[in-house]
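One structure is given here, and the rest of the page talks about it.
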Amino acid sequence: MIRLPLVLFFSAVLFSTGVYGVLARRNGVLVLMSIELMLNAVNVNLVAFSQYVRDIGGQVFALFVIAVAAAEVGIGLAIVILIFRNRESINVDEVSLLKW
Amino acid sequence: MIPAPHLDFLPLLPELIVAGVAVALLVGGALVGRPSQTVLLLLTLAGLIAAAAASAYLWNWDGPGRVLGEMIQADRLAVVSRMILLGVGAFGALYGHHYFARTGVARMEFYPLLLLAVSGMTLLVASADLIVVFLALEILSLALYILVALSFRMASAEASMKYFLLGAFSSAFFLYGLAMAYGAAGTTKIDGIALALSGRTGSQPLALAAVGLLLIGFGFKVSVVPFHMWTPDVYQGAPTSVTAFMAAGTKVAAFTALIRVLDVSFQPLTWDWRPAVWALAAASMVLGSLLAIAQTDLKRLLGYSSIAHAGFILTGLIATDGAGIAAVTFYLVAYSVTVLGAFGTVMLASGGIRERTSFDSFRGLAGRSPMLAGLLTLFLLSLAGIPPTVGFIAKAGVFGSAIRAGFWPLALIGVLASVVGAFFYLRVIVLMYMEEPQAELEPEGAALPGAALALAAGLTLVLGVFPQIILPVLEKAAILRW
């Protein structure tokens, strides 16, 4: 049996990696993947807590998160394609028509 | 044999109607091929009215307070917020009909997406479990990401991308907070969390992390400083009709859910989250107002003003009593009416699909179209909080409840921010009335959005003079039972 703090630490590292990816990556698709990493860190957390508090709810919720993440990627990729068609680039830094 | 659970679908009827009409329009539209925009608009409005009737019926609901496995709340706060949201949806449909009709391109997916967004918003205000809160937030956000991208301008796609990336980023924070709350309390039920937390003493790191992360998630959705970066960009880039809808709708929905999460779930930790909310409110009011001064585009200005308004609403939220909740809901009504009117006028005055919304296009608007200039003046005065408009009563309400709870420094900051706000709203009014027109834009008069604007203007004035018309209803709705 793996101890809870260890799993929580692992999930925190995974989440932080995702946050770093979102902030540091310039490619739209890689930013999307980093966000997926963050969501999966949450899933690890949910399943671990579900085991810890002896409640099935957390695992059900992890399934919800997986489904929502899939829908989110679908729309995210569509938006990235829309941007790419318009300007032949998916670098998020070049998307800067709107600024103050 | 497993006994079949008793399912009470009635408190979910408004969402079922709205989502059902959305799916019917989507499938029916694909079958018919090229449906008429007017028919789509009428069906959309019919769905919204039916949902409003269903939720009005729920006002006297005497069944269990929570239904469907204690996932859906059947209280009066949900009824009132749903009514506001369905009204906002109707305004959005009317504006969108006009906006996309004049481009000449049929955008039939606009109506189902709008209805799906509305169903997410109404589900959000009726959720009794953090799982439902998350799902509803995603339903409304996913529909809004697409709605923002519906215009052909490049800025629209860019706004959608920014909104999507930051929105998904914030959803992840929200979820992480939710997982923490689950770990701390062993449940994700909004009232269950409060019951689990209230018995404990000493520090509760998991619960504190949960409330902090959930605040970040909500902060992005309602655009408070420092989670506001997307707001001006998205408000400016999105089609004006969509901006009007999302500005009013997401604020109403997310703030109502935030009331439930802070005042019920984390009520045992009130003394821990209050300083954080205090700081967020103060930063939003001050920065939102100060940054708005530097703007030269009206839609962008309204974006910054919405950040300041999010701060004002948080000020009311800090007092956790029933009167504070009533003040917040009144503010949400006032803000919705005013901002729908303001963006509606901007849509009609900004000359077609190219959306010239810089200050130059509004110079001397009073000479070209006294009607639109007059309406915009009224809405800007209401946003600034000047009597006899509804904005004044709303601001007085939230500041009053903050002072009663002993947070007078925050109310003072709010009053000062309002003074700064009055400056930039008045500057636009001066532009419209006292300067010569530069751009030759023909403001359009259209019957349907015109009627909607007249309704918004009427409500702004009537609720400003006679707030007691809806105040008793809001006070009855502000009692949270758990």
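The values are calculated or read from the model by the stated rules, or taken from the named source; none is laboratory data. This one's a predicted model, so the numbers in the text were calculated from it and none came from an experiment. Cβ sites come from the backbone with ideal geometry, for glycine too, and all protein chains shown count toward neighbours.
Out of (1) at pLDDT below 95; (2) over 27 Å from B:ALA478 (Cα atoms); (3) within 12 Å of chain A (Cβ to nearest Cβ), what's the single condition that is false for B:ALA185? Of (1) at pLDDT below 95; (2) over 27 Å from B:ALA478 (Cα atoms); (3) within 12 Å of chain A (Cβ to nearest Cβ), only one is false for B:ALA185: (2).
All of (1) under 24 Å from B:GLY65 (Cβ atoms); (2) at the interface with another protein chain (Cβ under 10 Å from one of its Cβ atoms); (3) in contact (Cβ under 8 Å) with a residue 12 or more places away in the chain hold for B:LEU206 with one exception: (1).
If you scan the stretch B:458-478, which residues turn out to be more than 21 Å from the chain's Cα centre (by Cα) and either crowded, with 18+ Cβ neighbours inside 10 Å or within 30 Å of B:LEU195 (Cβ to Cβ) (or both)? B:LYS476, the sole residue that qualifies.
Just to verify a result, which residue in the stretch B:133-151, among those that are more than 10 Å from chain A (Cβ to nearest Cβ) and surrounded by fewer than 24 Cβ atoms within 10 Å (Cβ to Cβ), is nearest to B:VAL88 (Cα to Cα)? So the residue we want is B:ALA136. The listed residues are B:ILE386, B:ILE313, and the only one of them that is modelled with pLDDT of 90 or more, part of a loop (DSSP other than H, G, I, E, B), under 30 Å from B:VAL473 (Cα atoms) and out of contact with any strand residue (DSSP E or B) (no Cβ under 6 Å at 6 or more places or on another chain) turns out to be B:ILE386.
Annotation note: of B:ALA279, B:ALA253, B:ALA334, the sole residue that is at pLDDT 90 or above and surrounded by fewer than 24 Cβ atoms within 10 Å (Cβ to Cβ) is B:ALA279.
The sole residue among A:VAL31, A:VAL22, A:VAL44, A:VAL53 that is in contact with a Phe, Trp or Tyr (Cβ under 9 Å, 6 or more places away or on another chain) and under 17 Å from B:LEU130 (Cβ atoms) is A:VAL53. A Cβ distance below 9 Å, combined with a sequence gap of six or more or placement on separate chains, defines the contacts here; from the stretch A:51-68, residues that are closer than 11 Å to B:LEU178 by Cβ reach residues that are surrounded by fewer than 17 Cβ atoms within 10 Å (Cβ to Cβ) in the pairs A:GLY58/A:GLN51; A:GLY58/A:TYR52. Within the stretch A:31-89, the set of residues being surrounded by fewer than 18 Cβ atoms within 10 Å (Cβ to Cβ), more than 30 Å from B:MET154 (Cβ to Cβ) and more than 9 Å from chain B (Cβ to nearest Cβ) comprises A:VAL47, A:GLN51, A:ILE56, A:GLN59, A:LEU63, A:ILE66, A:ALA67. Here B:THR329 clears all of (1) farther than 24 Å from B:ILE259 by Cα; (2) touching a helix residue (DSSP H, G or I) at 6+ places or on another chain (Cβ under 7 Å); (3) β-branched (Val, Ile, Thr) except the condition numbered (1).
Is it the case that A:SER16 is more than 9 Å from every other protein chain (Cβ to nearest Cβ) and in a helix (DSSP H, G or I)? When the stated conditions are applied, A:SER16 passes them. Taken together, B:GLY192, B:GLY92 contain a single residue that is of a type outside the set (A, V, I, L, M), modelled with pLDDT of 90 or more and crowded, with 23+ Cβ neighbours inside 10 Å, which is B:GLY92.
Just one of (1) buried (at least 18 other Cβ atoms within 10 Å of the Cβ); (2) modelled with pLDDT under 95 fails for B:LEU115. It is (2). Please determine, by comparing only the residues of the stretch B:59-84 that are in a helix (DSSP H, G or I) and either of a type in the set (Lys, Arg) or in contact with an Asp or Glu (Cβ under 9 Å, 6 or more places away or on another chain) (or both), which one is nearest to B:ALA257 (Cα to Cα). If we take residues in the stretch B:59-84 being in a helix (DSSP H, G or I) and either of a type in the set (Lys, Arg) or in contact with an Asp or Glu (Cβ under 9 Å, 6 or more places away or on another chain) (or both), then B:ARG82 is nearest to B:ALA257 (Cα to Cα). Looking only at residues of the stretch B:1-17 that are part of a helix (DSSP H, G or I) and surrounded by fewer than 21 Cβ atoms within 10 Å (Cβ to Cβ), we find that the one that is modelled with the lowest pLDDT is B:LEU10.
Go through the stretch B:118-131 and give me each residue that's surrounded by 24 or more Cβ atoms within 10 Å (Cβ to Cβ), assigned to a helix (DSSP H, G or I) and within 10 Å of chain A (Cβ to nearest Cβ). B:LEU130, the sole residue that qualifies.
Just checking, does the stretch B:39-46 include any residue being outside any helix (DSSP H, G or I) and either surrounded by fewer than 14 Cβ atoms within 10 Å (Cβ to Cβ) or under 20 Å from the mean Cα position of the chain (by Cα) (or both)? Within the stretch B:39-46, not a single residue is outside any helix (DSSP H, G or I) and either surrounded by fewer than 14 Cβ atoms within 10 Å (Cβ to Cβ) or under 20 Å from the mean Cα position of the chain (by Cα) (or both). Can you confirm whether B:VAL224 is touching a residue at least 40 places away in the same chain (Cβ under 8 Å) and away from chain A (no Cβ under 12 Å)? Yes: the conditions hold for B:VAL224.
Scoring B:GLN236 on the criteria (1) more than 16 Å from the chain's Cα centre (by Cα); (2) more than 14 Å from chain A (Cβ to nearest Cβ); (3) of a type outside the set (A, V, I, L, M, F, W, C) leaves a single failure, condition (2).
Checking each residue of the stretch B:161-171 against the condition of being within 10 Å of chain A (Cβ to nearest Cβ) and at positive phi gives no match.
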